[in-house]
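Presented below is the structure to which this report refers.
Derivation of every value follows stated rules applied to the coordinates shown; laboratory data play no part. Everything numeric here is computed off the predicted structure, so don't read it as measured data. Neighbour counts are summed over all protein chains in view; Cβ atoms, including those assigned to glycine, are modelled from backbone coordinates with ideal geometry.
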Amino acid sequence: MRYDLDFKLKVISYYRQGHTGVATAKKFGLDKKIISRWINQYKS
């Protein structure tokens, strides 16, 4: 499944507010590996 940029940015924003990867994954119903990948892509 592909996610649009707005959704990815919303997830990244939630994570950057201080939530853990696990908490972010639970909130959005995602795998924590996806969160890690998106965060790494965002940083680079």
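Within the shell of other residues whose beta carbon sits under 13 angstrom from the beta carbon of T20, the net charge comes to +4, with Lys and Arg scored +1 and Asp and Glu -1. For the chain, list log₁₀ I(q)/I(0) at each q in 0.22, 0.26, 0.33 Å⁻¹, using the Debye formula over Cα point scatterers of equal strength and ignoring solvent, two decimals each. For the requested q values the scattering log ratios are -0.65, -0.93, -1.46. For the chain, the 222 nm mean residue ellipticity estimated from helices alone, with every DSSP H stretch of n ≥ 4 adding -39500 (n - 2.57) and the total spread over all residues, rounds to -22000 deg cm²/dmol. Spin-label pair K33-H19: with each label point 7 Å from Cα along the Cα-Cβ axis, the two points sit 2.2 nm from one another.
The calculated FRET efficiency for K43 paired with Y3, based on their beta-carbon distance and R0 = 22 Å, is about 0.80. When each of the peptides 13-21, 32-40 is scored by the mean number of other C-beta atoms lying within 10 Å of its residues, the order from highest to lowest reads 32-40, 13-21.
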